[in-house]
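Following: one structure in structure tokens, then a few remarks.
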Amino acid sequence: MAKAVAGMEGVTSALNPAAVERIGMSEPEWLRERRAHAWDVYERTPMPTIRLEEWRYTNLKKKLDLNSLQLSDAEAMSDDASTWPERLRAAMDEDREASGHIVIIDGHVVHADVDKQLAAQGVILESLQEAITNHEELVRDHLATDAVPAEEGKFAALNAALWSDGIFLYVPKGVQLELPVRVTCWLSEAGTAYFSRVLIVAEAQSQVSYVDEVLSDDFESQTYTSTAVELIARDGARVQYVAVQRLGRGTFYQSMQRTLAQRDSKLDTLNVALGASVTRVDLNARLLGPGANSDMLGLYFGDDDQHFDFNTSQDHVAEHTSSDLLYKGALDGASRAAFRGIIRVLPGAQGTDAYQTNRNLLLSPESRADSLPNLEIEADDVKCSHGATVGQLDDEAKFYLMSRGLSLIQAERLVVLGFLGEVLAKLPLGGVVDKVTRVIEQKLAQHG
């Protein structure tokens, strides 16, 4: 009998050591050892509870049942767009030009392409499993090591043990991608646990934007997707990472993101959460070199009983680094959002310039938002501030718009779009703003 998941004893789980061995069967020894170590960490690490500050507002006993899940047994689809799900193709049709594309269906990378001129300059964009064979040294040095190792926590360890595939993007020194890399992921198996990883390495003075969109229909039984994102920006690199989550109800979406910014690099992130029943994002930005900068943006819109939980940290390790976080959300129905953010200024990180803002707009009396911004400063020459607001629609703004001929519903929609639009305006990647705005408008059409 398979061993039960730690913290849920007495229940047989498909997530077990045998699954770890099966996934790593044909992989190199170093990776099999890394998976085995991760599973050992997973089993030794307690399941998070609401007694922990980081999980105070998400009760996993009620929100997630790992023992009910199976690993995917779907076969890889062909690299033929006509056979792909209609909604996936529709989402891709909304995208604009790109430097490269990745398509993932039920955990399998079924398509990958990159501009030929960029490939000739050494840009690598491919399945993580293929990269292990084709670029083993690059992957071995960075995968689950400095950014998201198994020791980061129970779910990081589970992902490191059970990931099936993912994406590897490498941009050589001085190479600049003018158009974004676009990734579209589709999930279709109810009751399944998906584990994937993203590894992006941008060498010195390079530039890249990466847009990752995940979609599904609604699920009748709980479905879980876990992704670990490792972003590495060398000296002077410019990296933008965008995650657009449009999963169906019945999904528990979890993303662990770590950014490592070296000297004079700029590493920006945008998390857009619109779907899923439960969303949990853990984002840690580490400013490791003097002059490093990170803008951290987030946007979420909830309705019905959707639950969002964002746990962010801005770690200033080197002197003269800067970061600016802005997360904004609108909540309708009985939806709920929790934000916990912390700015950490380590000893010696003089000249730090860091800000953190979380703002929430409540559209119904049943919605709720909890916001806990924090500072932890161990240097004396810094500029740091944080703020949080939770409020309802501005009556004066609605009145002004209605006096100009708009109906109440039109006025409310315009106020909400303006409130959330501030986030999108800070990272206006082609296609992303239009797509997210359309989804928000669809949700607003159901409001009132």
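The values are calculated or read from the model by the stated rules, or taken from the named source; none is laboratory data. Just so you know, these numbers come straight off a predicted model, no measurement behind them. Here the Cβ is made from the backbone with ideal geometry for all residues, glycine too, and neighbour counts use every protein chain on show. What goes into the accessible areas is simple: the full protein's heavy atoms, side chains included, and nothing from ligands, DNA or RNA. Shrake-Rupley method; radii C 1.70, N 1.55, O 1.52, S 1.80 Å.
Observations
- Consider the range 85-106 and keep the residues that are modelled with pLDDT of 95 or more and within 30 Å of LEU158 (Cα to Cα). The one that is surrounded by the most Cβ atoms within 10 Å (Cβ to Cβ) is ILE102.
- Of the criteria (1) among the small types (Gly, Ala, Ser); (2) in contact (Cβ under 8 Å) with a residue 40 or more places away in the chain; (3) in a loop (DSSP other than H, G, I, E, B), which one GLY298 fails: (3)
- Scanning the range 152-179 for residues that are buried (at least 23 other Cβ atoms within 10 Å of the Cβ) and more than 19 Å from SER255 (Cβ to Cβ) returns TYR170, VAL171, LEU177.
- Complete set of residues in the range 323-344 that are buried (at least 21 other Cβ atoms within 10 Å of the Cβ) and of a type in the set (Asp, Glu): ASP332
- Residues within the range 378-394 that are free of Cβ contacts under 8 Å to residues at least 40 places away in the same chain, within 21 Å of GLU54 (Cβ to Cβ) and open to solvent by 60 Å² or more (accessible area, probe 1.4 Å), tallied: 2
- Scanning the range 345-363 for residues that are closer than 15 Å to LEU287 by Cβ and open to solvent by less than 10 Å² (accessible area, probe 1.4 Å), we see that the one that is nearest to the chain's Cα centre (by Cα) is GLN356.
- Only one entry of GLY174, GLY250, GLY191 meets the criterion of being within 23 Å of ALA76 (Cβ to Cβ) and in contact (Cβ under 8 Å) with a residue 12 or more places away in the chain, and that entry is GLY191.
- Verdict on THR259 being out of contact with any Pro (no Cβ under 9 Å at 6 or more places or on another chain), over 22 Å from LEU325 (Cα atoms) and open to solvent by less than 10 Å² (accessible area, probe 1.4 Å): no
- Test for SER72: is it touching an Asp or Glu at 6+ places or on another chain (Cβ under 6 Å) and at pLDDT below 95: yes
- The listed residue being among the aliphatic types (A, V, I, L, M) and open to solvent by 10 Å² or more (accessible area, probe 1.4 Å), out of LEU267, LEU247, LEU288: LEU288
- Test: ASP282 is modelled with pLDDT of 95 or more, acidic (Asp, Glu), over 25 Å from ALA19 (Cβ atoms) and open to solvent by 10 Å² or more (accessible area, probe 1.4 Å): no
- Number of positions in the range 395-435 that are in a loop (DSSP other than H, G, I, E, B), surrounded by 14 or more Cβ atoms within 10 Å (Cβ to Cβ) and either more than 27 Å from the chain's Cα centre (by Cα) or at pLDDT below 80 (or both): 4
- Failed item, numbered, when PRO149 is tested on (1) open to solvent by less than 10 Å² (accessible area, probe 1.4 Å); (2) without any contact (Cβ under 8 Å) to a residue 60 or more places away in the chain; (3) not hydrophobic (A, V, I, L, M, F, W, C): (1)
- Residue match in the range 199-209 (condition: modelled with pLDDT of 95 or more and farther than 27 Å from GLU136 by Cα): no
- The residue of the range 113-140 that is surrounded by the fewest Cβ atoms within 10 Å (Cβ to Cβ), among those that are acidic (Asp, Glu) and either within 22 Å of the chain's Cα centre (by Cα) or under 15 Å from PRO172 (Cβ atoms) (or both), is GLU137.
- If only residues of the range 301-322 that are open to solvent by 20 Å² or more (accessible area, probe 1.4 Å) and part of a loop (DSSP other than H, G, I, E, B) are counted, the one that is nearest to GLU441 (Cα to Cα) is ASP304.
- Boolean, LEU375 is surrounded by fewer than 19 Cβ atoms within 10 Å (Cβ to Cβ) and in contact with a helix residue (DSSP H, G or I) (Cβ under 8 Å, 6 or more places away or on another chain): no
- Test: residue in the range 183-199 that is assigned to a loop (DSSP other than H, G, I, E, B) and of a type in the set (S, T, N, Q): yes
- Residues that are in contact with a helix residue (DSSP H, G or I) (Cβ under 7 Å, 6 or more places away or on another chain) and either in a loop (DSSP other than H, G, I, E, B) or open to solvent by 40 Å² or more (accessible area, probe 1.4 Å) (or both) within the range 13-27 comprise SER13, LEU15, PRO17, ILE23, GLY24, GLU27, listed in sequence order.
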